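Written below as C-alpha coordinates is the structure these notes are about.
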Amino acid sequence: MKLENFKKEIQNIKLTPEEKGEILERVLNSPTPSPYAPKRTRRIERIQKSWWKTLPKPLLYVGVCLFVVLIGGSGMSYAALNSVPGDRLYQVKIKLTEPVLDALNFTPKSRAKWEAEKAIRRLDEAGKLVEKNNLTEKHRVEIEKNFNKSVEKFKKEVKEAQKDKEGKADDLEINFSQSLNEQADRLKKENKHEDKKQEEEINQLENTVREKIKEHSSKKINKMLEL
Amino acid sequence: MEVPNIKIKEKFEGVYEKEADALFRYCVLRVSNRNQAIDIIQDVFLELWRAYQKGEEIKNDRAYLFTMLRNRIIDWYRKKKSSSLDAMMENPRENINFEPIDEKAHLEIYSSAETRRIMEAIETLPGDYRDAVYLKVAEDLSPPEIASILNSNTNIISIRITRGIQKLKKKLNIEEFL
(Lines give C-alpha, C1' and ligand atoms only; values in the text may rest on other atoms or scores of the structure.)
Protein backbone atom coordinates (compact mmCIF):
# COMPACT_ATOMS: atom_id res chain seq x y z
CA MET A 1 0.00 0.00 0.00
CA LYS A 2 1.29 3.42 -0.89
CA LEU A 3 1.62 6.13 1.66
CA GLU A 4 -0.86 8.42 -0.04
CA ASN A 5 -3.55 5.74 0.00
CA PHE A 6 -2.89 4.99 3.62
CA LYS A 7 -3.10 8.68 4.49
CA LYS A 8 -6.38 9.08 2.57
CA GLU A 9 -7.94 6.17 4.39
CA ILE A 10 -6.78 7.37 7.78
CA GLN A 11 -8.09 10.87 7.07
CA ASN A 12 -11.53 9.35 6.54
CA ILE A 13 -11.63 8.66 10.25
CA LYS A 14 -13.23 11.83 11.53
CA LEU A 15 -16.14 13.31 13.40
CA THR A 16 -19.45 13.54 11.65
CA PRO A 17 -20.77 17.10 11.15
CA GLU A 18 -23.41 16.43 13.83
CA GLU A 19 -20.85 15.22 16.35
CA LYS A 20 -18.63 18.21 15.60
CA GLY A 21 -21.49 20.63 16.10
CA GLU A 22 -22.59 19.01 19.35
CA ILE A 23 -19.13 19.09 20.86
CA LEU A 24 -18.63 22.75 19.94
CA GLU A 25 -22.02 23.69 21.37
CA ARG A 26 -21.35 21.89 24.64
CA VAL A 27 -17.94 23.51 25.02
CA LEU A 28 -19.13 27.04 24.25
CA ASN A 29 -22.17 26.69 26.48
CA SER A 30 -20.27 25.28 29.42
CA PRO A 31 -20.55 27.47 32.53
CA THR A 32 -17.71 29.91 33.09
CA PRO A 33 -15.79 28.85 36.20
CA SER A 34 -16.03 31.28 39.10
CA PRO A 35 -12.87 33.32 39.72
CA TYR A 36 -13.38 32.50 43.38
CA ALA A 37 -13.42 28.74 42.86
CA PRO A 38 -10.30 26.91 44.07
CA LYS A 39 -7.75 26.66 41.30
CA ARG A 40 -7.27 23.29 39.70
CA THR A 41 -3.73 22.22 40.24
CA ARG A 42 -1.63 21.19 37.32
CA ARG A 43 -1.19 17.54 36.66
CA ILE A 44 2.40 17.51 37.84
CA GLU A 45 1.36 19.15 41.15
CA ARG A 46 -1.46 16.64 41.59
CA ILE A 47 0.96 13.80 40.97
CA GLN A 48 3.44 15.29 43.43
CA LYS A 49 0.70 15.62 46.05
CA SER A 50 -0.68 12.14 45.53
CA TRP A 51 2.44 10.49 44.17
CA TRP A 52 1.51 7.28 45.88
CA LYS A 53 -1.47 6.91 43.57
CA THR A 54 0.90 6.53 40.64
CA LEU A 55 2.59 3.51 42.21
CA PRO A 56 1.62 0.10 40.91
CA LYS A 57 -0.96 -1.42 43.24
CA PRO A 58 1.08 -4.48 44.31
CA LEU A 59 3.93 -2.19 45.38
CA LEU A 60 1.50 0.03 47.24
CA TYR A 61 0.06 -2.96 49.12
CA VAL A 62 3.55 -4.20 50.05
CA GLY A 63 4.48 -0.73 51.28
CA VAL A 64 1.37 -0.46 53.43
CA CYS A 65 1.96 -3.93 54.92
CA LEU A 66 5.58 -3.07 55.75
CA PHE A 67 4.46 0.16 57.36
CA VAL A 68 1.85 -1.65 59.46
CA VAL A 69 4.42 -4.27 60.49
CA LEU A 70 6.91 -1.55 61.43
CA ILE A 71 4.42 0.47 63.44
CA GLY A 72 2.92 -2.67 64.93
CA GLY A 73 6.39 -3.95 65.77
CA SER A 74 7.38 -0.68 67.41
CA GLY A 75 4.14 -0.55 69.35
CA MET A 76 4.61 -4.14 70.46
CA SER A 77 8.19 -3.46 71.57
CA TYR A 78 7.01 -0.46 73.56
CA ALA A 79 4.23 -2.46 75.16
CA ALA A 80 6.72 -5.24 75.99
CA LEU A 81 8.86 -2.92 78.15
CA ASN A 82 6.72 -3.47 81.23
CA SER A 83 6.23 -7.17 80.78
CA VAL A 84 7.39 -9.79 83.28
CA PRO A 85 8.08 -13.53 83.00
CA GLY A 86 4.86 -15.30 82.13
CA ASP A 87 3.55 -12.43 79.98
CA ARG A 88 3.14 -13.02 76.26
CA LEU A 89 5.31 -10.04 75.37
CA TYR A 90 8.14 -10.97 77.73
CA GLN A 91 9.96 -12.96 75.07
CA VAL A 92 9.68 -9.95 72.75
CA LYS A 93 11.35 -7.87 75.45
CA ILE A 94 14.17 -10.36 76.10
CA LYS A 95 14.81 -11.57 72.57
CA LEU A 96 13.97 -8.53 70.45
CA THR A 97 13.75 -5.19 72.25
CA GLU A 98 16.76 -5.58 74.54
CA PRO A 99 19.06 -7.08 71.85
CA VAL A 100 18.25 -4.08 69.65
CA LEU A 101 19.24 -1.79 72.49
CA ASP A 102 22.40 -3.90 73.00
CA ALA A 103 23.47 -2.91 69.52
CA LEU A 104 23.07 0.79 70.30
CA ASN A 105 25.86 0.80 72.87
CA PHE A 106 29.20 1.26 71.23
CA THR A 107 31.76 1.67 74.02
CA PRO A 108 32.70 -0.82 76.79
CA LYS A 109 31.57 1.70 79.40
CA SER A 110 28.13 2.23 77.83
CA ARG A 111 27.74 -1.51 77.35
CA ALA A 112 28.68 -2.15 80.98
CA LYS A 113 26.14 0.45 82.10
CA TRP A 114 23.45 -1.17 79.96
CA GLU A 115 24.22 -4.68 81.29
CA ALA A 116 23.99 -3.36 84.84
CA GLU A 117 20.62 -1.84 84.01
CA LYS A 118 19.42 -5.12 82.54
CA ALA A 119 20.49 -7.03 85.65
CA ILE A 120 18.53 -4.59 87.84
CA ARG A 121 15.53 -4.89 85.50
CA ARG A 122 15.48 -8.64 86.10
CA LEU A 123 15.27 -8.07 89.82
CA ASP A 124 12.54 -5.45 89.36
CA GLU A 125 10.57 -8.01 87.39
CA ALA A 126 10.93 -10.41 90.29
CA GLY A 127 9.58 -7.68 92.58
CA LYS A 128 6.53 -7.19 90.34
CA LEU A 129 5.87 -10.90 90.33
CA VAL A 130 6.10 -11.01 94.10
CA GLU A 131 3.51 -8.23 94.35
CA LYS A 132 1.17 -10.36 92.23
CA ASN A 133 2.11 -13.40 94.27
CA ASN A 134 3.27 -15.02 91.07
CA LEU A 135 6.98 -15.68 91.55
CA THR A 136 6.99 -19.38 90.64
CA GLU A 137 10.09 -21.53 90.45
CA LYS A 138 9.97 -21.40 86.67
CA HIS A 139 9.90 -17.59 86.67
CA ARG A 140 12.60 -17.36 89.30
CA VAL A 141 14.91 -19.69 87.36
CA GLU A 142 14.38 -17.64 84.22
CA ILE A 143 15.08 -14.39 86.04
CA GLU A 144 18.20 -15.81 87.67
CA LYS A 145 19.52 -17.09 84.36
CA ASN A 146 19.15 -13.71 82.68
CA PHE A 147 20.38 -11.85 85.74
CA ASN A 148 23.57 -13.95 85.92
CA LYS A 149 24.14 -13.48 82.21
CA SER A 150 23.92 -9.69 82.54
CA VAL A 151 26.24 -9.66 85.56
CA GLU A 152 28.88 -11.68 83.68
CA LYS A 153 28.65 -9.39 80.70
CA PHE A 154 28.89 -6.39 82.98
CA LYS A 155 32.16 -7.72 84.46
CA LYS A 156 33.55 -8.37 81.00
CA GLU A 157 32.72 -4.86 79.78
CA VAL A 158 34.15 -3.28 82.91
CA LYS A 159 37.47 -5.08 82.27
CA GLU A 160 37.46 -3.74 78.72
CA ALA A 161 36.67 -0.24 79.95
CA GLN A 162 39.51 -0.42 82.45
CA LYS A 163 41.98 -1.22 79.68
CA ASP A 164 41.16 2.02 77.92
CA LYS A 165 41.03 4.42 80.85
CA GLU A 166 42.49 3.30 84.18
CA GLY A 167 40.15 3.83 87.10
CA LYS A 168 37.28 5.26 85.04
CA ALA A 169 35.21 2.10 85.41
CA ASP A 170 35.22 2.33 89.20
CA ASP A 171 32.13 4.51 89.28
CA LEU A 172 30.26 1.83 87.31
CA GLU A 173 31.26 -0.88 89.76
CA ILE A 174 30.36 1.25 92.76
CA ASN A 175 26.95 2.14 91.36
CA PHE A 176 26.24 -1.43 90.42
CA SER A 177 27.23 -2.72 93.85
CA GLN A 178 24.98 -0.17 95.52
CA SER A 179 22.07 -1.11 93.29
CA LEU A 180 22.54 -4.80 93.94
CA ASN A 181 22.64 -4.17 97.66
CA GLU A 182 19.42 -2.19 97.51
CA GLN A 183 17.76 -4.97 95.56
CA ALA A 184 18.99 -7.64 97.98
CA ASP A 185 17.63 -5.60 100.93
CA ARG A 186 14.30 -5.21 99.21
CA LEU A 187 14.09 -8.94 98.61
CA LYS A 188 14.91 -9.52 102.27
CA LYS A 189 11.97 -7.35 103.30
CA GLU A 190 9.63 -9.20 100.96
CA ASN A 191 10.95 -12.51 102.30
CA LYS A 192 8.42 -12.37 105.09
CA HIS A 193 5.64 -13.54 102.78
CA GLU A 194 2.48 -15.28 103.78
CA ASP A 195 2.83 -17.85 101.04
CA LYS A 196 5.59 -20.30 101.97
CA LYS A 197 6.33 -21.24 98.42
CA GLN A 198 6.66 -17.60 97.45
CA GLU A 199 8.93 -17.06 100.44
CA GLU A 200 11.14 -19.91 99.29
CA GLU A 201 11.54 -18.41 95.83
CA ILE A 202 12.31 -14.94 97.18
CA ASN A 203 14.87 -16.45 99.52
CA GLN A 204 16.51 -18.30 96.68
CA LEU A 205 16.70 -15.18 94.56
CA GLU A 206 18.08 -13.08 97.42
CA ASN A 207 20.85 -15.64 97.94
CA THR A 208 21.74 -15.47 94.22
CA VAL A 209 21.99 -11.70 94.38
CA ARG A 210 24.13 -11.75 97.52
CA GLU A 211 26.47 -14.28 95.99
CA LYS A 212 26.92 -12.02 93.02
CA ILE A 213 27.60 -9.10 95.32
CA LYS A 214 30.34 -11.08 97.05
CA GLU A 215 31.89 -12.18 93.75
CA HIS A 216 31.67 -8.71 92.38
CA SER A 217 33.02 -6.81 95.35
CA SER A 218 36.67 -6.03 95.11
CA LYS A 219 38.82 -4.80 97.98
CA LYS A 220 39.01 -1.45 96.35
CA ILE A 221 35.25 -1.08 96.17
CA ASN A 222 34.68 -2.43 99.68
CA LYS A 223 37.09 0.16 100.98
CA MET A 224 35.24 2.87 99.08
CA LEU A 225 31.86 1.68 100.37
CA GLU A 226 33.26 0.99 103.83
CA LEU A 227 31.68 -2.50 103.83
CA MET B 1 -21.84 36.03 33.97
CA GLU B 2 -19.04 37.38 31.85
CA VAL B 3 -19.80 37.46 28.12
CA PRO B 4 -16.90 35.96 26.25
CA ASN B 5 -15.12 38.19 23.82
CA ILE B 6 -16.30 37.57 20.24
CA LYS B 7 -12.75 37.59 18.93
CA ILE B 8 -11.75 34.88 21.38
CA LYS B 9 -14.76 32.84 20.32
CA GLU B 10 -13.90 33.19 16.66
CA LYS B 11 -10.31 32.26 17.30
CA PHE B 12 -11.40 29.21 19.26
CA GLU B 13 -13.82 28.11 16.56
CA GLY B 14 -11.05 28.44 13.99
CA VAL B 15 -8.70 26.25 16.02
CA TYR B 16 -11.50 23.77 16.66
CA GLU B 17 -12.35 23.40 12.96
CA LYS B 18 -8.72 22.92 12.10
CA GLU B 19 -7.71 20.44 14.80
CA ALA B 20 -10.80 18.53 15.91
CA ASP B 21 -10.61 15.76 13.30
CA ALA B 22 -6.88 15.15 13.77
CA LEU B 23 -7.32 14.97 17.51
CA PHE B 24 -10.31 12.69 17.17
CA ARG B 25 -8.37 10.35 14.87
CA TYR B 26 -5.42 10.16 17.23
CA CYS B 27 -7.73 9.53 20.16
CA VAL B 28 -10.05 6.94 18.63
CA LEU B 29 -7.10 4.91 17.35
CA ARG B 30 -5.76 4.78 20.92
CA VAL B 31 -8.91 4.09 22.89
CA SER B 32 -10.76 2.06 20.20
CA ASN B 33 -14.11 3.48 21.25
CA ARG B 34 -15.82 6.31 19.40
CA ASN B 35 -17.95 7.62 22.27
CA GLN B 36 -15.02 7.55 24.64
CA ALA B 37 -12.88 9.43 22.11
CA ILE B 38 -15.60 12.08 21.73
CA ASP B 39 -15.76 12.56 25.50
CA ILE B 40 -12.01 12.93 25.75
CA ILE B 41 -11.63 15.48 22.97
CA GLN B 42 -14.57 17.44 24.34
CA ASP B 43 -12.70 17.73 27.64
CA VAL B 44 -9.55 18.78 25.83
CA PHE B 45 -11.30 21.54 23.87
CA LEU B 46 -13.04 22.64 27.03
CA GLU B 47 -9.62 23.11 28.64
CA LEU B 48 -8.53 25.21 25.66
CA TRP B 49 -11.70 27.29 25.78
CA ARG B 50 -11.22 27.95 29.49
CA ALA B 51 -7.60 28.91 28.85
CA TYR B 52 -8.75 31.45 26.24
CA GLN B 53 -11.36 32.83 28.58
CA LYS B 54 -8.77 33.36 31.29
CA GLY B 55 -6.57 35.16 28.79
CA GLU B 56 -3.77 32.63 28.97
CA GLU B 57 -1.18 32.98 26.26
CA ILE B 58 -0.84 29.78 24.23
CA LYS B 59 1.99 29.91 21.75
CA ASN B 60 1.14 26.75 19.87
CA ASP B 61 -2.49 25.62 19.98
CA ARG B 62 -1.83 22.34 18.24
CA ALA B 63 0.98 21.36 20.63
CA TYR B 64 -1.15 22.39 23.59
CA LEU B 65 -4.10 20.31 22.40
CA PHE B 66 -2.06 17.22 21.62
CA THR B 67 -0.26 17.42 24.96
CA MET B 68 -3.57 17.69 26.81
CA LEU B 69 -4.96 14.84 24.74
CA ARG B 70 -2.04 12.52 25.41
CA ASN B 71 -2.33 13.19 29.14
CA ARG B 72 -6.04 12.46 29.07
CA ILE B 73 -5.48 9.20 27.24
CA ILE B 74 -2.85 8.15 29.79
CA ASP B 75 -5.29 8.98 32.61
CA TRP B 76 -7.97 6.97 30.87
CA TYR B 77 -5.68 3.93 30.50
CA ARG B 78 -4.70 4.12 34.16
CA LYS B 79 -8.30 4.36 35.29
CA LYS B 80 -9.30 1.50 33.05
CA LYS B 81 -6.42 -0.65 34.28
CA SER B 82 -7.10 -0.01 37.95
CA SER B 83 -10.82 -0.60 37.64
CA SER B 84 -10.14 -3.83 35.75
CA LEU B 85 -7.73 -5.01 38.45
CA ASP B 86 -10.19 -4.04 41.19
CA ALA B 87 -12.98 -5.85 39.43
CA MET B 88 -10.79 -8.91 38.95
CA MET B 89 -9.93 -8.95 42.63
CA GLU B 90 -13.56 -8.68 43.68
CA ASN B 91 -15.05 -11.05 41.14
CA PRO B 92 -12.26 -13.11 39.68
CA ARG B 93 -14.53 -15.52 37.93
CA GLU B 94 -16.90 -13.04 36.37
CA ASN B 95 -16.48 -11.22 33.12
CA ILE B 96 -14.71 -7.99 33.95
CA ASN B 97 -15.75 -6.17 30.81
CA PHE B 98 -18.67 -4.13 32.10
CA GLU B 99 -19.07 -1.94 29.03
CA PRO B 100 -22.24 -2.79 27.15
CA ILE B 101 -21.48 -3.86 23.64
CA ASP B 102 -22.81 -1.00 21.54
CA GLU B 103 -22.47 -1.82 17.88
CA LYS B 104 -22.42 1.79 16.86
CA ALA B 105 -19.64 2.57 19.30
CA HIS B 106 -17.59 -0.34 18.08
CA LEU B 107 -17.93 0.43 14.41
CA GLU B 108 -15.04 -0.80 12.39
CA ILE B 109 -12.60 2.07 12.54
CA TYR B 110 -10.60 1.12 9.53
CA SER B 111 -12.03 0.99 6.06
CA SER B 112 -9.62 -1.63 4.81
CA ALA B 113 -7.67 -4.54 6.17
CA GLU B 114 -4.46 -3.06 4.84
CA THR B 115 -4.94 0.19 6.75
CA ARG B 116 -5.68 -1.79 9.88
CA ARG B 117 -2.52 -3.81 9.40
CA ILE B 118 -0.37 -0.71 9.00
CA MET B 119 -1.91 0.97 12.04
CA GLU B 120 -1.43 -2.14 14.12
CA ALA B 121 2.21 -2.22 13.04
CA ILE B 122 2.60 1.44 14.05
CA GLU B 123 1.10 0.62 17.43
CA THR B 124 3.76 -2.01 18.02
CA LEU B 125 6.60 0.48 17.54
CA PRO B 126 8.41 1.64 20.69
CA GLY B 127 6.65 4.55 22.38
CA ASP B 128 9.14 7.23 21.27
CA TYR B 129 8.85 6.20 17.63
CA ARG B 130 5.15 5.48 17.50
CA ASP B 131 3.77 8.99 17.94
CA ALA B 132 6.39 10.58 15.70
CA VAL B 133 5.75 8.09 12.89
CA TYR B 134 1.98 8.36 13.24
CA LEU B 135 1.97 12.16 13.14
CA LYS B 136 4.21 12.08 10.10
CA VAL B 137 2.48 9.43 8.00
CA ALA B 138 -1.15 9.97 9.06
CA GLU B 139 -1.25 13.72 9.66
CA ASP B 140 1.63 14.77 7.41
CA LEU B 141 3.13 17.08 9.98
CA SER B 142 6.67 18.36 9.65
CA PRO B 143 9.44 17.39 12.10
CA PRO B 144 9.43 20.85 13.75
CA GLU B 145 5.66 20.63 14.25
CA ILE B 146 5.95 17.12 15.64
CA ALA B 147 8.84 18.22 17.89
CA SER B 148 6.70 20.99 19.38
CA ILE B 149 3.83 18.54 20.02
CA LEU B 150 6.04 15.90 21.58
CA ASN B 151 8.14 18.47 23.42
CA SER B 152 11.32 17.30 21.79
CA ASN B 153 14.09 18.39 19.50
CA THR B 154 13.62 18.56 15.71
CA ASN B 155 16.75 16.50 15.00
CA ILE B 156 15.70 13.76 17.39
CA ILE B 157 12.24 13.66 15.86
CA SER B 158 13.71 13.40 12.34
CA ILE B 159 15.83 10.45 13.45
CA ARG B 160 12.87 8.78 15.10
CA ILE B 161 10.74 9.19 12.01
CA THR B 162 13.43 7.72 9.75
CA ARG B 163 14.17 4.79 12.02
CA GLY B 164 10.52 4.27 12.83
CA ILE B 165 9.58 3.98 9.18
CA GLN B 166 12.47 1.57 8.58
CA LYS B 167 11.15 -0.64 11.36
CA LEU B 168 7.68 -0.36 9.90
CA LYS B 169 8.82 -1.43 6.44
CA LYS B 170 10.58 -4.38 7.96
CA LYS B 171 7.51 -5.44 9.94
CA LEU B 172 5.18 -5.10 6.97
CA ASN B 173 7.58 -6.20 4.23
CA ILE B 174 6.62 -3.12 2.29
CA GLU B 175 9.33 -1.51 0.21
CA GLU B 176 7.29 1.09 -1.56
CA PHE B 177 5.67 2.55 1.57
CA LEU B 178 7.68 5.72 1.68
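The values are calculated or read from the model by the stated rules, or taken from the named source; none is laboratory data. Keep in mind it's a predicted model, so treat the numbers as computed, not measured. Please note: Cβ atoms are built from the backbone with ideal geometry, for glycine as well, and neighbour counts cover all protein chains shown. Areas reflect the complete protein model, heavy atoms only, side chains present, ligands, DNA and RNA absent. Shrake-Rupley method; radii C 1.70, N 1.55, O 1.52, S 1.80 Å.
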Correct semi-axes for the range B:117-166, from √(5λ) of the alpha-carbon gyration tensor and rounded to whole Å with the largest first, are 17, 11, 9
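Percent of accessible area on the range A:76-142 owned by carbon and sulfur, 1.4 Å probe? Show your work: numbers first, answer last.
Working: 2130 of 3680 Å².
With neighbouring chains kept in place, the figure for the range A:76-142 is 58 percent.
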For the range A:98-190, which GluC sites (Glu not before Pro) pass both filters: DSSP loop (anything but H, G, I, E, B) and at most 11 other C-beta atoms within 10 Å?
A:Glu166
With R₀ set to 35 angstrom, the calculated FRET efficiency between the beta-carbons of A:Lys188 and A:Glu160, to the nearest 0.05, is 0.60
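So if R0 is 60 Å, what FRET efficiency would B:Leu46 and A:Leu70 give, r being the distance between their Cβ atoms, rounded to the nearest 0.05? Intermediate values should be presented prior to the final figure.
Working: r = 45 Å, r/R0 = 0.75.
After rounding to 0.05, the efficiency reads 0.85.
Taking R0 as 25 Å, what's the FRET efficiency between A:Lys95 and A:Glu131 from their Cβ-Cβ distance, rounded to 0.05?
On the way: r = 25 Å, r/R0 = 0.99.
In this case the efficiency is close to 0.50.
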Check: C-alpha center the range B:133-170 vs C-alpha center the range A:74-96, spacing in Å is 65 Å
Across peptide B:37-48, what mean number of C-beta atoms from other chains lies inside 10 Å of a residue's C-beta?
3
At A:Asn29 and B:Lys171, where each label point lies 7 Å from the Cα along Cα→Cβ, what is the point-to-point distance in nanometres?
4.2 nm
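Can you give the extra length, in nm with one decimal, that the chain gains between B:Asp128 and B:Thr154 once fully stretched, where that is 0.36 nm per residue apart less the Cα-Cα distance?
Details: separation 26, 0.36 × 26 = 9.36 nm, distance 1.34 nm.
Stretched out fully, the B:Asp128 to B:Thr154 stretch lengthens by 8.0 nm.
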Three principal axis extents, largest first, for the C-alpha atoms of the range B:1-72, in Å?
37, 25, 19
Total accessible area lost when A and B pair, probe 1.4 Å, Å² to nearest 100
3500 Å²
Peptide A:14-25, shielding by other chains (average Cβ, 10 Å cutoff)
4
Which value does Rg/Rh take for the range A:48-121 over its C-alpha atoms, Rh per Kirkwood?
1.20
